[in-house]
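Everything on this sheet refers to the single structure shown next.
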Amino acid sequence: MSYLTSDPNQTENTDPIIRPPYFFISGFIDIPHMDYYYIFLCFVYIISLVGNTFVMMVIYMDNSLHRYHMMVTHRSMFQLTGAAWAFAVFLVSLAVFFITRLSFCRSLVINSYFCDHGPLFRLAAPCSDVVPNIVISYLNPCIVLYFPMVFIISSYICITHALFTITLPQDRVRGLKTCTSHLILVAIFYLPINITYLLHPIIPTNARIFNLSLTLVLPPMLNPFVYVLKTEEFKESAKKLLRECLAQCLVFAVTVMANSIMAVIYLARNLHMVKLRLNKQVVIRDLIRVLVDLGS
């Protein structure tokens, strides 16, 4: 199959490839020392995993942080989570369905760092009808990004209006600080990815990949710091949990040390008893030897 090429600029061969056995994912192109960036992403992922796990553990263990008992029940949480996953799987499956009907006749190099829908279906543009894929490429960002962004902005406008009706200045300042922290996290996620999708024809490939990769890893890492740790209730619960963990660790360490000391004393006493038995055996043996010598 000589037409399976890794050259993204090849357009001469228009023989359709119905189902190519593989695709090449280009990743970052011609950027030196990319290993350092991958190490940076690895550390960001580890911090995100540890930080968010700690947050979930504190919230799970402290019932006082469960700040909506009547509205946010376990059933409602499972329903919301299940609906979000089902809707995401439906959108992805729809895009995959329209991709599988395409025939590819250009390069098999995907100019991204994952199997991205946009760069993938554009490889089939010369020899397949990609109009449904174009519709999906505009529909999915609207549903996943733009509509939620409009909803979030509208919600914060209503929240800001409500805050300015509060008479106590300290309550108003505290509410504004909380909203500011939340908006920073929202902006970190939405601004780069919206710029990437709106201006993708003029953004270089490497800049687009940088934006997408950082957008995926930075908000989860910053979530425990910006969104949660500024909450006084959570900080008090975290301090309480840490104190309890330190106390339990101290009790465990003291117990281990006490048991170790008792074990050493027990072993030393047994060794002392063995030594006494050996001394008695030596004395009796010497006494028998003396008596034998006297008898002879």
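The values are calculated or read from the model by the stated rules, or taken from the named source; none is laboratory data. Please read all numbers here as calculations on a predicted model, not as lab measurements. Every residue, glycine among them, receives a Cβ derived from its backbone with ideal geometry; neighbour counts consider all protein chains shown. Accessible surface areas use protein heavy atoms only, side chains included; no ligands, DNA or RNA. Shrake-Rupley method; radii C 1.70, N 1.55, O 1.52, S 1.80 Å.
Could you work out how much longer the chain between A125 and F97 gets when fully extended? Use 0.36 nm per residue separation minus the Cα distance between them, nm to one decimal.
Result for the pair: 8.5 nm of gain on full extension.
Out of residues 5 or more away from I17 or on other chains, whose amide H comes under 5 Å of its own, with H placed 1.01 Å from N in the peptide plane?
Result for I17 returns F104, C105.
Please find the FRET efficiency linking I18 to A207, where r is the Cβ-Cβ separation and R0 is fixed at 22 Å, and quote it to the nearest 0.05.
0.05
Report, to the nearest whole %, how much of the accessible area of the range 89-248 belongs to carbon and sulfur atoms, 1.4 Å probe, protein only.
Reported share for carbon and sulfur atoms: 73 percent.
Based on the inverse mean of 1/r over its pairs of different Cα atoms, what is the Kirkwood hydrodynamic radius of the range 31-98, in Å?
15.8 Å
Classify the range 62-106 as rounded, prolate or oblate from the Cα gyration tensor: take a ≥ b ≥ c as the square roots of its eigenvalues, call it rounded if a/c is under 1.5, otherwise prolate when a/b beats b/c and oblate if not.
It comes out prolate by the Cα gyration axes.
With the Cα gyration tensor of the range 199-260 giving a ≥ b ≥ c as the square roots of its eigenvalues, does the rule (a/c under 1.5 for rounded; else a/b larger than b/c for prolate; else oblate) give rounded, prolate or oblate?
Oblate is the answer for the range 199-260, as a/c is 1.5 or above yet b/c matches or exceeds a/b.
So if R0 is 51 Å, what FRET efficiency would F147 and L242 give, r being the distance between their Cβ atoms, rounded to the nearest 0.05?
That pair, F147 with L242, gives E of 0.80.
Can you list the residues, at least 5 places off or on another chain, whose amide H is less than 5 Å from the amide H of F24, using H built in the peptide plane?
V109, I110
Could you pull out the chymotrypsin sites (Phe, Trp or Tyr not before Pro) across the range 125-229 that fall in loop regions by DSSP (anything but H, G, I, E, B) with no more than 12 other Cβ atoms inside 10 Å?
Filter output for the range 125-229: F164.
Please express the shape of the range 76-218 as an equivalent ellipsoid: the semi-axes are the square roots of 5 times the eigenvalues of the C-alpha gyration tensor, given largest first in whole angstrom.
Result for the range 76-218: semi-axes of 38, 18, 12 Å.
Quick one: what are the phi-derived ³J(HN,Hα) couplings along the range 207-221, Karplus 6.51/-1.76/1.60 with θ = phi - 60°, whole Hz, x for glycine and proline?
Result, rounded to whole Hz: 5, 5, 5, 4, 4, 5, 5, 5, 5, 7, 9, 6, x, x, 6.
If I stretch the segment between M34 and S76 completely, what's the gain in nm (0.36 nm per residue apart, minus their alpha carbon distance), one decimal?
10.7 nm
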